[in-house]
Amino acid sequence: MPLDSQQPNSHCYWLTTYSELLCVCSHSHLHWIPFNEDPNPNTHSSGPSTPLKNQTYSFSPSKSYSRQSSSSDTDLSLTPKTGMGSGSAGKEGGPFKALLRQQTQSALEQRGGSPHRFCRNREFPFFTLTAFPPGFLVHVGGVVSARSVKLLDRIHNPAFVGIMGNTRSYKLLDWNSFNSDEPETRDAWWAEIRQEIKSHAKALGCHAVVGYSESTSICEEVCILSASGTAAVLNPRFLQDGTVEGCLEQRLSWQPGFFSIGSEKGEVDFFPQSQDSSSLLGQEENLPAGCGFCHIPYDELNMPFPAHLTYCYSCRKQKVPDVLFTTIDLPTDATVIGKGCLIQARLCRLKKKAQAEANATAISNLLPFMEYEVHTQLMNKLKLKGMNALFGLRIQITVGENMLMGLASATGVYLTALPTPGGIQIAGKTPNDGSYEQHISHMQKKINDTIAKNKELYEINPPEIPEEIIGSPIPEPRQRSRLLRSQSESSDEVIELDLSHGKKDAFVLEIDDTDAMEDVHSLLTDVPPPSGFYSCNTEIMPGINNWTSEIQMFTSVRVSRLSNINLTNQTLNKNFNDLCENLLKSLYFKLRSMIPCCLCHVNFTVSLPEDELIQVTVTAVAITFDKHQAVQTTKTHVEKSLQRASTDNEELLQFPLELCTDSLGPHPFSPAKEHLESASSNSGIPAAQRATSIDYSSFADRCNSWIELIKLKAQTIRRGSIKTTVSVEKASPLTEGHFRQRSAPACANSTVGVVKMTPLSFIPGAKITKYLGIINMFFIRETTSLREEGGVSGFLHAFIAEVFAMVRAHVAALGGNAVVSYIMKQCVFMENPNKNQAQCLINVSGDAVIFVRESELEIMSTQQPIASCQPACGGGEIAT
Amino acid sequence: MTNELDIFVGNTTLIDEDVYRLWLDGYSVSDAVGLRVRSGILEQTGATAGVLQSDTMDHYRTFHMLERLLHTPPKLLHQLVFQIPPSRQALLIERYYAFDEAFVREVLGKKLSKGTKKDLDDISTKTGVTLKSCRRQFDNFKRVFKVVEEMRGSLAGNIQQHFLLSDRLARDYAAVVFFANNRFETGKKKLQYLTFGDLAFCAELMIQNWTPGAVDSQVDDMDVDLDKEFLQDLKELKVLVADKDLLDLHKSLVCTALRGKLSVFPEMEANFKNLSRGLVNIASKLTHTKDVRDLFVDLVEKFIEPCRSDRWPLNDVRLFLNQYSASVHSLDGFRHQALWDRYMVTLRSCLLRMYHD
């Protein structure tokens, strides 16, 4: 999974911050452990069985702390200097809020004003990961994002700061000033944005942000800083023992005892709902799989924005929103109906050329409208596809001299747990005009046809559920009125709440001007991919599980010149829309020989290198799949995806130890949990001592729980280091032998070994046996004979081909045979045809790996049936 | 809005066979797009003309970049820039080195020089093969020729090794090289009926039997030139027609053996001396370069045309030639049996192959 934390200004310390974050936030239930104070192991030796654990399950954050709509406001107004939380201390009730405040305050006392310290004490973990182990995500709140317009040459002076988020509420901040020198100022900018992201997440009742990414768009002196992520509630069990730093340590020294040490602090838990969470998990596991994350994390009586809630269509116990937007990949345990598809919203807005602050102001003024329109487009297109959730949402706003471009890409799916989306209704403004009416009804018919067609195309046929069971989706009149906050603390007595207006079918598009007309037209001009083709911008396509091994990664670049002198927003929009649509069509055409196939991880990047030039760069991978196996029941879908999840985890693991889990089946978490508990109950005994008195009968299980932990942490800090695996390899020589066996034929094949490249974190039909390290390469090329090299296209074509070749050669030199998580981070192209010159800068990165085909692996494992127990024995040897 | 730059680069280089063929055939991008549109691809795939244009451009650019590698095929295998599966590499090479029958007939036996290259315009108009394609094919011939010209070992083997061609194509190239080196005349009107296949067949036999390589596999130029000693020795065969007794004896042996077996027996009997004289004279004259060049003209004039004018069926020709060459072994006064066989075995097969309308 791509970790896009490498934006120029976004060097941040969060990989190192987790550890302290966990310590800092490790308030346990009703008593607070101050920062740096050693948690007393004895207090927690009883495991999660605190009095609260046994209370009946009813998950509602509002019970312990009332969510306050003002939180985001207060947080927003904070600059890094004042620190978070302090501004609103004591205003709201609830013991937990108080605890949180106490915690942050004590943290603030510790930090002594240094921005670095401040960052270390965050209470909200930011995960740039987009895929997680099953059960990790408890709830997903929705997309949170923040943008800020900055002037780069005004770093030493007061600059205009406009911050706004798109959690359906827009806010503008005051002028802010910084007097620090440049890097610190930029750090402060990002800190501010992260702060806002946090507050948005908090407003959604979430304590973490996953699928987080930051980006910048710079034109002359103006810079737009953007950050977005998905607010989420994470499963504390995955975070409770050890810390990331500790995990690093343990990888370096490989002490199995560490895990028990880790679980001594097993009770540390920084979640506001921690008293719920343990019981919650117990409950959650009994629920039908794959709907938990859809349930709203926020207080349904005090929602941060108007949303339409219904009872979950899967479990019918919890509330779910009508649509769900996220930046992460579809969780592996989620159940979907049919296939997903790539949904893009495209938007251009002209702006006057301006300088400095005037320019920044103009941009800031445009941004909220752009975000709104992008959002509306996404919503409309989602409805048009008959789907109800977006994954992998990435909104890119690009600033140019005289225009702003917005491109949002996401993968739409139909989540079983969410209600069926209503249609789109067109309403004209002048209903008296007969021909106009006719036109409207004609459009309406077209839209309805398109929806029906799309449902067929993407195989969306949800089962009919009688309304009595799920509760009335159509709100009764009394529920329409917004509830007062005072009511929110009332009780369990659930009052059906609906803040949207009218019934859910009435997603009304009002055609009141030409713009809206154009919008509707553009909705209908989006051509679906040809049959046999699917596309998504997530790692894999929801609803397709039977990938074959043929993959084709590609990069396509297009630069278009806007010929019109008198550009209007409409023509600009149309041009941009055509550019993207044609690009997609070209891709479908080019890859037609791979049908049936899916374009995965479609990643569009828009830049405006010059006044009238639009550059669109697309990188994606086409993966073929087996059509005949594609038709499966939902149940097998789930099983498959679970299996995929577990194999995925194994693939991602840098340790060869994963062989052990093969024997333990696809649900390693249930045994893991028990043994975590047993491990934590043992925690009084020193690690070494315990290691000698190991109960071998449960050893494999314990190993398993360790492995799960390593896996998780290896995923988190996978990019951190490579050298740490050495000791483990020595510990299990068999695996090394294995590896030699496998890699030998791959190298001997032909004169030039094939190196696969993929933006995904895995290779279909193969198992990654070894991670060889990160590849991060910058290339700059210049030509002074552009015409002779076949013009700009010839120049860039050859350059990109050579970049690929250099990456492959690098990987091959490391002994690898594939690059995963490949990403082209930069592709800056400039030309001066008059001088016959062009320059290009490219930055690519990825992970070099060794993979083995699963078919080869099977042969191997039948040859060595004892392989599965080997790592356990190996581990035992080290332990003693 | 115009696309200034439009590229697609795959980790595995995409090769579209149809576009490759169009490119090899020397069509311009716009012509190729036109041809593709006419092939009905737009209807099949639902693509637009713009998409097709962009796709064609992309492929053409790729092929252009691949072309310099294709000039030395082993480089294509060892280069790192384009990741192409081996089967596709083979296809690229094979198609690149494939040539048009019409074109090769025009060039076969000509000196592969700049002079000939200038005539490619005419060849292009005459054959209907685009000039670009003609140039590629001509350059291929020339390149192969230059590489294997002075090389030891089997000609076809060398070509296969250095150009990674299929067995069939390597043997065709061997024929082209052999013809070009010996400058056999093939362009005369009389010879127009011969296909490249006929000539390549003859060339292969000559390479097998008439070159120094046929007797010694360690000589330079072993397969490219004709064996000088052998040609010198062929003069000895002259006795077969110069000695009247021997000729009569030879004739009577053949006639006795074939009496009743040939439908054209009387014609054969009447023409025997002429035919025999023709075949033996061809052999004895091969010491002159000029006559070597005219070998195929002579074969047609001296043997094939007389037989054809008497309407010999192919089978009769076969019976006659078999008996004609076999009977020599019964001529006691003739001492060059081995030489005769080396000459006649090849010639017999060549003539049989060439004997058609």
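Listing for the model above:
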quantity: Residues within the range B:244-269 that are within 35 Å of the chain's Cα centre (by Cα) and either of a type in the set (D, E, K, R) or exposed (fewer than 15 other Cβ atoms within 10 Å of the Cβ) (or both), tallied; calculated: 5
quantity: Helices (runs of 4 or more DSSP H) contained in the range B:35-82 and holding at least 2 residues more than 11 Å from chain A (Cβ to nearest Cβ), of a type in the set (A, V, I, L, M, F, W, C) and surrounded by 15 or more Cβ atoms within 10 Å (Cβ to Cβ); calculated: B:49-70
quantity: Candidate set: the range A:548-601, residues that are small (Gly, Ala, Ser) and within 26 Å of A:Phe795 (Cα to Cα); chosen: the one most open to solvent (accessible area, probe 1.4 Å); calculated: A:Ser563
quantity: Identity of the residue in the range B:152-170, modelled with pLDDT of 90 or more and outside any helix (DSSP H, G or I), that ends up surrounded by the most Cβ atoms within 10 Å (Cβ to Cβ); calculated: B:Leu165
quantity: From the options B:Val241, B:Val297, residue that is among the β-branched types (Val, Ile, Thr), surrounded by 13 or more Cβ atoms within 10 Å (Cβ to Cβ) and either touching an Asp or Glu at 6+ places or on another chain (Cβ under 9 Å) or assigned by the TED database to the domain that holds B:Glu204 (or both); calculated: B:Val297
quantity: Search result, residues across the range B:4-25 that are over 22 Å from A:Met553 (Cβ atoms) and within 7 Å of chain A (Cβ to nearest Cβ); calculated: B:Glu4
quantity: Residue tally, condition part of a loop (DSSP other than H, G, I, E, B) and either open to solvent by 30 Å² or more (accessible area, probe 1.4 Å) or within 28 Å of A:Cys600 (Cβ to Cβ) (or both), over the range A:392-411; calculated: 2
quantity: Residues of the range B:118-151 satisfying the condition of being over 18 Å from the mean Cα position of the chain (by Cα), buried (at least 16 other Cβ atoms within 10 Å of the Cβ) and closer than 19 Å to B:Phe178 by Cα; calculated: B:Met151
quantity: Residue within the range B:26-33 that is open to solvent by less than 10 Å² (accessible area, probe 1.4 Å), more than 11 Å from chain A (Cβ to nearest Cβ) and over 27 Å from B:Phe163 (Cα atoms) present; calculated: yes
quantity: Condition check for B:Ser87: within 10 Å of chain A (Cβ to nearest Cβ), part of a helix (DSSP H, G or I) and among the polar types (S, T, N, Q); calculated: no
quantity: Within the range B:181-264, helices (runs of 4 or more DSSP H) holding 2 or more residues that are free of Cβ contacts under 8 Å to residues at least 40 places away in the same chain and over 30 Å from B:Arg105 (Cβ atoms); calculated: B:244-258
quantity: Restricting the range A:801-832 to residues that are in a helix (DSSP H, G or I), among the β-branched types (Val, Ile, Thr) and within 11 Å of chain B (Cβ to nearest Cβ), the residue that is farthest from A:Tyr771 (Cα to Cα); calculated: A:Val803
quantity: Looking only at the range B:101-115, and only at residues there that are over 20 Å from B:Ser166 (Cβ atoms) and in a helix (DSSP H, G or I), the one that is most open to solvent (accessible area, probe 1.4 Å); calculated: B:Lys114
quantity: Members of the range B:90-100 found to be surrounded by fewer than 21 Cβ atoms within 10 Å (Cβ to Cβ) and more than 14 Å from chain A (Cβ to nearest Cβ), listed by number; calculated: B:Glu94, B:Arg95, B:Ala98, B:Asp100
quantity: Qualifying position, being within 10 Å of chain B (Cβ to nearest Cβ), part of a strand (DSSP E or B) and either modelled with pLDDT under 90 or open to solvent by less than 20 Å² (accessible area, probe 1.4 Å) (or both), among A:Val606, A:Val621; calculated: A:Val621
quantity: Residue in the range A:378-391 that is modelled with pLDDT of 85 or more, of a type in the set (D, E, K, R), surrounded by 23 or more Cβ atoms within 10 Å (Cβ to Cβ) and part of a loop (DSSP other than H, G, I, E, B) present; calculated: yes
quantity: Strands (runs of 3 or more DSSP E) within the range A:289-368 that include 1 or more residues in contact (Cβ under 8 Å) with a residue 60 or more places away in the chain and open to solvent by 20 Å² or more (accessible area, probe 1.4 Å); calculated: A:309-311, A:336-350
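Rundown of residues vs (1) in contact (Cβ under 8 Å) with a residue 60 or more places away in the chain; (2) basic (Lys, Arg), yes/no style:
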site	(1), (2)
B:Thr62	no, no
B:Met65	no, no
B:Arg68	no, yes
B:Leu77	yes, no
B:Leu91	yes, no
B:Ala98	yes, no
B:Gly109	yes, no
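The values are calculated or read from the model by the stated rules, or taken from the named source; none is laboratory data. If you're wondering where the values come from, they're calculated on a predicted model, not measured in any experiment. Note that we place each Cβ from the backbone using ideal geometry, even for glycine, and neighbour counts take in every protein chain shown. When the accessible area is computed, the model is the full protein with side chains, heavy atoms only, and any ligands, DNA or RNA have been set aside. Shrake-Rupley method; radii C 1.70, N 1.55, O 1.52, S 1.80 Å.
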